[in-house]
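Taking it in order: structure first as C-alpha cells, then the write-up.
Each reported figure results from applying straightforward, stated rules to the coordinates on display, with no laboratory input. Everything quoted here is computed from the prediction, not taken from an experiment. With ideal geometry, Cβ positions are generated from the backbone for all residues, glycine too; neighbour counts draw on all protein chains shown.
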Amino acid sequence: MIYYDYKVKFYKDSEIGNIPVLEYIEKLNEKEKAKVLKYIEFLRQQKGYLDEPYSKHIKGKVRELRVDFNKKRHRIFYFLFINKTIILLYAFTKNTQKTPRNEIFRAETNYIDVLKNKQIYE
C-alpha cells in the first residue's frame, strides 16, 4: 500500500491576502486547468521531486513545475516546506527561452514571506 502523506498548499500573501497560484489556475480554460491540477497532484504523489522535463531547480530551495499545453508553457514555482508540505509560490506563462528574472524574484519574495509567516502553513 502506498501512502501519499504530502500536502500541497498555496502561498497566501501575508499583507494583502491574495493567492497568486490559485488565481492563475482559475483563469485557465478547463483543459489547461485540468492538466495543471494533474501535474500538481503528480508532484504531491512524488513527494515534491520530479525530474526534468516536469520540474527544474531554479534557485536555492525554489523549483519550477513545468506544464506545457499546446504552445503555452505554464510554470509554477514551489518549494518543499516542513511537515511534508509543498508550497506553490507563484505561477506564470513562460514566453521566452530563459525564465525572466522578475518572475524568479516574485517567487523568492513569496518564499521569504512564507518563512516569515510559517504559522500560516503549519
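Under the rule of at least 5 residues apart or a separate chain, name every residue whose amide H is placed under 5 Å from the amide H of residue 85.
Counting only residues 5 or more places away or on other chains, the set is 7.
Starting at the first residue of the stretch 5-21, write each ³J(HN,Hα) from the Karplus equation 6.51 cos²θ - 1.76 cosθ + 1.60 with θ = phi - 60°, in whole Hz, x for Gly and Pro.
9, 7, 10, 10, 10, 8, 4, 10, 4, 6, 9, 10, x, 6, 10, x, 5
Residues with amide H under 5 Å of residue 121's amide H, sequence separation 5 or more or different chain, H placed in the peptide plane at 1.01 Å from N; which?
Distant-sequence amide H within range of residue 121: zero hits.
Where does the chain land at 222 nm, in deg cm²/dmol rounded to the nearest 500, when only DSSP H runs of n ≥ 4 count, each adding -39500 (n - 2.57), divided by all residues?
On the way: 3 runs with 39 residues, N = 122.
The per-residue figure over the chain is -10000 deg cm²/dmol.
Amide H of residue 58: which non-local residues (sequence gap of 5 or more, or other chain) have their own amide H closer than 5 Å, using H built in the peptide plane?
63, 64
Find the Rg to Rh ratio for the chain, where Rh is the Kirkwood radius over alpha-carbon pairs and Rg uses the same atoms.
Answer for the chain: 0.94.
Using the C-alpha atoms of the stretch 61-122, what convex hull volume per residue, in cubic angstrom, is computed?
On the way: hull volume 4.8 nm³, N = 62.
Measuring per residue, one finds 77 Å³ for the Cα hull of the stretch 61-122.
Relative contact order for the chain: what is it in percent, counting Cα pairs under 8 Å that are at least 6 residues apart?
Details: 168 pairs, mean separation 32.0, N = 122.
For the chain, the relative contact order is 26 percent.
Give me the percent of DSSP beta bridges within the chain that run antiparallel, rounded to the nearest 5.
Working: 20 of 24 bridges.
Approximately 85 percent, going by the DSSP bridge assignments.
Starting from the Cα of residue 5, step 7 Å toward the Cβ, then list every residue of the stretch 12-54 with an amide N under 14 Å from that point.
47
Please identify the chymotrypsin sites (Phe, Trp or Tyr not before Pro) of the stretch 33-122 that satisfy two criteria: DSSP loop assignment and at most 12 other Cβ atoms within 10 Å. Which are they?
On the way: sites: 39, 42, 49, 54, 69, 77, 78, 79, 81, 90, 92, 105, 111, 121; in loops: 49, 54, 121.
Of the chymotrypsin sites (Phe, Trp or Tyr not before Pro), the ones in loops of the stretch 33-122 whose Cβ has at most 12 other Cβ atoms within 10 Å are 49.
Enumerate the calculated ³J(HN,Hα) couplings along the stretch 112-118 in order (Karplus 6.51 cos²θ - 1.76 cosθ + 1.60, θ = phi - 60°), each rounded to whole Hz, writing x wherever the residue is Gly or Pro.
My calculation for the stretch 112-118 gives 5, 4, 4, 5, 6, 10, 3 Hz in order.
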